[in-house]
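First up is the structure itself, then whatever we jot down about it.
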Amino acid sequence: MTAATAADLPASDLPPSDLPPSDLHVAASKVPWRAFFPGVDFKLLRASAETGTFTLLLRTLAGASLPRHRHLGAGEYYMVSGKMLVRGGKEHGGITAVAGDWGYEPLSVIHDSTEFPEASLLLFTNHGPIQFLDDQGNTAAILDWQQVQAMAQGPVVE
Ligand code: ZN
């Protein structure tokens, strides 16, 4: 007798986590924009219940910013267009990311303010939740894959 493998069992008998992984494809141009923060809209491309990873396309207005936060999972971004100033940008010892740049944000790193001096478009993946902090360092909000998924059901913006 040989042990049954996942391939031997009908898909309906397998728990979701034992299903073979499959390719994902999102026609992102057909996904509507949703409000994220003032001046920042997003499209949810993936939210994983298994790993907590979520991938967003972010669109910002010139002058928009993201509030102070800590990465409870590492993050990665790719700048499609525009400009992002991390920790005040290069002039202030931080990072200035422009079109074509990729960056990695390690677990536990705190970003006091992330600013977009130009209208920007970036792909962003976080491998876990993001903790938003108030001025005293207290938790203001936790953004995890479930929260992002709920926000992706919010009102569509133009
Ligand atoms: Zn950050």
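Here are the numbers:
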{"item": "Nearest-0.05 FRET efficiency for residue 112 and residue 25, computed from C-beta distance (R0 41 Å)", "result": "0.65"}
{"item": "Net length gained if the chain between residue 101 and residue 125 were fully extended (0.36 nm per residue, minus Cα distance)", "result": "7.2 nm"}
{"item": "Mean ellipticity per residue at 222 nm, deg cm²/dmol - from DSSP H runs of n ≥ 4 across the chain, formula -39500 (n - 2.57)", "result": "-1000 deg cm²/dmol"}
{"item": "Cα-based reach from residue 43 at 26 Å (exclusive), listing lysines while leaving out same-chain residues under 8 positions away", "result": "30, 83"}
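A short reminder: the numbers here are calculations on the coordinates, not readings from a lab. On a predicted model such as this, the values are computed, not experimentally measured, just so you know. FYI the Cβ positions are ideal-geometry reconstructions off the backbone, even for glycines, and counts take in every protein chain you see.
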